[in-house]
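Below you'll find the structure, written out as structure tokens, and then a few comments.
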Amino acid sequence: MDSDIEHRKRALRAELRERRHNLTAAEREAATAGFTENLQSIVTDLSARSISCYLSSPTEPNTRPFVNWAEARGIRVLFPVSRDDGLLDWTVGEEETEVQGISGAPEPKGELLGPIAINDVDLIIVPAAAIDTTGLRMGWGRGYFDKTLGSMQKCPPVYAVVYDNEYVDEVPREVHDQPVNGLVTPTRIVVF
């Protein structure tokens, strides 16, 4: 890996982590309302009946109200569960309890459906540190979603969820980085 790119990514991630950490409770609450409304709009526009979405950690854009909305409407929601081999399993989280996954992210407990379960969804919602104007996604450095998206033969639309200031002109690019079809911020939806 190019050490310059690695260094630039690490610096940008640290800056973005710090910005997220410094958001006030009121800013987070307002952002959550915007994220939820925009994600609902995408699901409605796509007539999605099955989606995948991550459970947000406290510093991430809050996906939980959106997930609750989707489940209340009978939309099947697959959640990622990290594995030792760098791949993702999926679950619908029927046990309605959470654990901290290998990656440190919250993950629901439930029957593991295996990596290919993602192939049946109509929409994939992924976390990101930043997205650039070409749709290139920079994640948090573990590569789970890049591996998953890169291995799919027929990928449905993929949207990343980021704060407005995380939609940037350019992110450092590595060969394995996967682009997204769109992004959702509290104030807008951008399609690439």
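The values are calculated or read from the model by the stated rules, or taken from the named source; none is laboratory data. Nothing here was measured: the structure is a model prediction, and the numbers come from that model. Positions of Cβ are backbone-derived with ideal geometry, glycine not excepted, and every protein chain shown enters the neighbour counts. For accessibility, only protein heavy atoms count, side chains too; no ligands or nucleic acids. Shrake-Rupley method; radii C 1.70, N 1.55, O 1.52, S 1.80 Å.
Taking only C-alpha pairs under 8 Å that are 6+ residues apart, what is the relative contact order of the chain in percent?
Computed value for the chain: 22 percent relative contact order.
Please list 109-117, 74-82 highest first by mean number of surrounding beta-carbon atoms within 10 Å per residue.
Ranked by mean Cβ neighbours within 10 Å, highest first: 74-82, 109-117.
Can you pull the one-decimal nm distance between simple spin-label points at E37 and V175, each 7 Å off the Cα toward Cβ?
Those two pseudo-labels are separated by 4.4 nm.
State the antiparallel share, in %, of DSSP beta bridges confined to the chain, rounding to the nearest 5.
Details: 13 of 28 bridges.
DSSP beta bridges in the chain are roughly 45 percent antiparallel.
What would the Debye formula give as log10 I(q)/I(0) at q = 0.14, 0.18, 0.23, 0.27 Å⁻¹ for the alpha-carbon point model of the stretch 127-192, no solvent?
The Cα Debye sum returns log10 ratios of -0.35, -0.59, -0.96, -1.28.
Where a Cα-Cα gap under 22 Å defines reach, which lysines qualify for K9, not counting those fewer than 8 residues away within the same chain?
Excluding near neighbours in sequence, the set is K147.
Using only Cα atoms, figure out Rg for the stretch 59-144 and give it as a multiple of 2.2 N^0.38 Å.
Relative to the 2.2 N^0.38 Å estimate, the stretch 59-144 comes out at 1.12.
Can you give the helix-only mean residue ellipticity at 222 nm for the chain, where every DSSP H stretch with n ≥ 4 adds -39500 (n - 2.57) and the sum goes over all residues, rounded to the nearest 500 deg cm²/dmol?
Dividing the helical sum by the residues of the chain leaves -10000 deg cm²/dmol.
Near the amide H of W90, under 5 Å away, which other amide H atoms are found, from residues 5 or more places off or on another chain, if H is placed in the peptide plane?
Amide H neighbours of W90, under 5 Å, 5+ apart: V81, L113, G114.
In units of 2.2 N^0.38 Å, what is the alpha-carbon radius of gyration of the chain?
0.96
For the stretch 1-85, state the average projected area of the convex hull of the C-alpha atoms over all orientations, rounded to one decimal in nm².
For the stretch 1-85, the mean projected area of the Cα convex hull comes to 7.8 nm².
Of the accessible area of the stretch 1-144, with the probe set at 1.4 angstrom, what percent is carbon plus sulfur?
50 percent
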